[in-house]
């Protein structure tokens, strides 16, 4: 937040002619390093693939059911907080401050929180308001924020192969997201080549090979420790020879504060352009929702280094702060193509602003 933004009067001041308490001036949460890869998972790459291909145990039958189940930690936290505040209580300064706390704790961000509070307070001050109405207003404002960025991922058939570079930090779910996207593309009758660009981890290379075999996609891979940029060159060259529709390139999970690793990512992009000056045609950043505010810095730095064109948000089922997606959309305006609520293949779907807004607010799909 800039000094100019910090100096602006608080929301309560704009609504009711007085300043909010100093502690309510929301400041960004401190940036924490992203989590490392889980050390205790002894599953082989093949076992991980089989687990992801199996139906999720006790999973709801529909995507709406899986979405609401996956967002239940976020929606329950918000709904319970709203009910605690507004059951048989008039809308006053203290109620608005309490609601502000709930929204910021859900990582909705300052902008969206301000708009929600303004919408709630408009014409309702000193009146009783039902918790359901608060959640309805919240869903409307969240949908309004997300609608411009909810864009399906599209392949330009005139660019062949259409090259997709997939980037992100350790543990964000890149490889599994690549597999899920591969299945969707193959179901659209597109041929897909996978490039195992995470050359730092033998298990990542093996896992992508297994995915390719199971899904019917060709795979270009090299020995662990090989040059990832050289692999990218080979993959694009081979894809042209095979007349492949889409190349999906995995990359090593790299911390956004490791300058030497980010420099290697820049090199991959440069080398791709030697084969096709327009490549990569799409750069998907896979974000782990559980890292919270740290995701904001990831979007900023990966955007600068790799030219991110769209987002995939994973692990929304693992956090009560799923509102971080709203904060990211509000700040960066980047397309959100897919969201994931689990490791299984049917737990990633095209992003819908309305469905997400209603699910996180704890509303029924058609209510």
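The values are calculated or read from the model by the stated rules, or taken from the named source; none is laboratory data. Everything quoted here is computed from the prediction, not taken from an experiment. Cβ coordinates were reconstructed from backbone atoms using ideal geometry, including for glycine residues, and neighbour counts include every protein chain displayed.
Can you confirm whether residue 205 is modelled with pLDDT of 95 or more and under 24 Å from residue 267 (Cβ atoms)?
So residue 205 does not fit the description; no.
Restricting to segment 210-261, and then to whatever is without any contact (Cβ under 8 Å) to a residue 12 or more places away in the chain and in a helix (DSSP H, G or I), can you tell me which residue is farthest from the chain's Cα centre (by Cα)?
Applying the filter and picking the extreme gives 241.
Being closer than 25 Å to residue 107 by Cβ, surrounded by fewer than 17 Cβ atoms within 10 Å (Cβ to Cβ) and either touching a residue at least 60 places away in the same chain (Cβ under 8 Å) or out of contact with any strand residue (DSSP E or B) (no Cβ under 8 Å at 6 or more places or on another chain) (or both) is true for just one of 304, 321. Which residue is that?
Result of the check over 304, 321: 304.
Count, please, the residues in segment 330-367 that happen to be over 29 Å from residue 187 (Cα atoms) and in contact with a strand residue (DSSP E or B) (Cβ under 9 Å, 6 or more places away or on another chain).
The qualifying residues number 1.
Give all pairs with beta carbons closer than 6 Å in which a residue from segment 262-274 that is at negative phi and in contact (Cβ under 8 Å) with a residue 40 or more places away in the chain meets a residue that is surrounded by fewer than 18 Cβ atoms within 10 Å (Cβ to Cβ) and part of a helix (DSSP H, G or I); count only pairs at least 6 apart in sequence or on separate chains.
Sorted first by the residue in segment 262-274, then by its partner, the pairs are 271/233.
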